[in-house]
1. List every residue whose amide H lies under 5 Å from the amide H of D13, counting only residues 5 or more places away in sequence or on a different chain, with H placed 1.01 Å from N in the peptide plane.
2. In sequence order, what are the phi-derived ³J(HN,Hα) couplings for the range 28-43 according to the Karplus relation 6.51 cos²θ - 1.76 cosθ + 1.60 with θ = phi - 60°, rounded to whole Hz, with x for glycine and proline?
3. According to the square roots a ≥ b ≥ c of the eigenvalues of the Cα gyration tensor, what is the shape class of the range 20-77, taking rounded for a/c under 1.5, prolate for a/b larger than b/c otherwise, and oblate for the remainder?
4. Setting aside same-chain residues fewer than 8 positions from K26, which aspartates and glutamates have a Cα under 14 Å from its Cα?
Amino acid sequence: MAQADPPDLAMIDVSMPKLDGWTTVKELRSDHRTNHVPCIAVTALDRAGDEYALKAGFDAFVAKPFDSEELLATVRRLLSSKRPTTLKADLRQT
């Protein structure tokens, strides 16, 4: 579904039952239609998972329970840093 209509941002729980977040982000990064989508790892793991999440392809890491202001700041930061090629594609579609 993400390939047909890529989202502006993906918040992915790394502990999903059937398709975990680590596999999901790997698939998103390997597809040219979705490799530009900013991805946030959402997990109950401690902050030690932050470095692992970044190495795995996530753009940010938010631990549960998360602070809503921290999450909003992270989302805003990632959305404001969209790659220029992505923004051009967005403009062509409007």
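Derivation of every value follows stated rules applied to the coordinates shown; laboratory data play no part. Predicted, not measured: the structure shown is a model, and the values here were computed from it.
1. Answer set, sorted by chain and number: V42.
2. 4, 6, 8, 10, 4, 7, 10, 5, 8, 5, x, 10, 10, 7, 10, 7
3. In terms of gyration-tensor shape, oblate.
4. Those aspartates and glutamates meeting the cut-off are D13, D59.
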